[in-house]
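Written out below as structure tokens is the structure these notes cover.
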Amino acid sequence: MAGQNISVYRGNEPFVFISYSHRDTDIVLQILSKLQEKGFRIWFDAGIEVGTEWPARIGVHIKRCAAAIFFITKEYVKSHNCKREVVESIGYGVETVNVFLEEDVVIPDDIELDQREENTILAWQDSDPDHIVERICKIEALSDCTDGSFDYADTTQDLTIKPKFLKYLMRFGIVPSLVPILAAEYFRIFRGDWGPLYWILAIPGYPLLGAGIFYYTDRFLRRTKKGYTLTKSIMAALIIMTIAIALITGILFMIKLAV
């Protein structure tokens, strides 16, 4: 297929997953070639080995990628496979970038794009591939996926959670928090036990639950409230509040032991 001159990344470092309609192959491959020249590690469907089931391999690479770029056109939003790639990328919590190659693309109801200003490029306003690549290079969400060095755009209003394990901790915080919380509340409610075991379970459980609720609330607002952004100052305040709650809980625990 076209794109034989573009190397598909197969290593273990962070890479960008490319989602596009094959009807837009010519312009997309021009952009990908220039991105690779800039040092980006990219994977797209040219990297599927012969004999491999297509949907399964796509899903594996979406799950493994650090970020995804959607090259959006009228043909893109008609494609079942493209829609599935969007849904899976967002479902896995992947950082996403929207590159609109055409004007007046109507996004159907079954595609929930994260259309923040800082991760959306209206490429149809200037369709020169070099200029599109320059704008892509300024998106900080892609910074881990390249060996190059760029002057990233000011993203002080964007929430970029690093290191990555903290992001995953927040994303899945609700699930692992339920076990210690339920166990702690069992001892408190049914056995009237406010002893060390209760506090050992409650101290990590409730902050973890709060982190998970915060993460999903932020994601919901990003998708449903136009113009919503989470500033770093708000993020810092939430972190300080969480730490304060944990410290206060710990102090109460020490007082309880002393009494």
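Please treat every number below as a calculation from the coordinates, not as lab data. Since the model is a prediction, treat every value here as computed from it, not as a measurement. Using ideal geometry, Cβ is built from the backbone for each residue, glycine included, and neighbour counts are taken over all protein chains shown.
Across the range 17-106, the fraction of Cα-Cα pairs farther apart than 22 Å, rounded to a whole number, is 23%. Once the chain from Asp110 to Glu185 is taken as fully extended at 0.36 nm per residue, the excess over their C-alpha distance is 23.0 nm. Projected label points at Val60 and Trp124, each 7 Å from Cα along the beta carbon direction, are separated by 3.7 nanometres.
Add +1 for every Lys or Arg and -1 for every Asp or Glu among the other residues with Cβ under 14 Å from the Cβ of Ile62, and state the total.
Within the 14 Å Cβ shell, the charges total +1.
Segment Ile213..Asn12, full-extension length gain: 69.3 nm, with 0.36 nm per residue of separation and the alpha-carbon distance subtracted.
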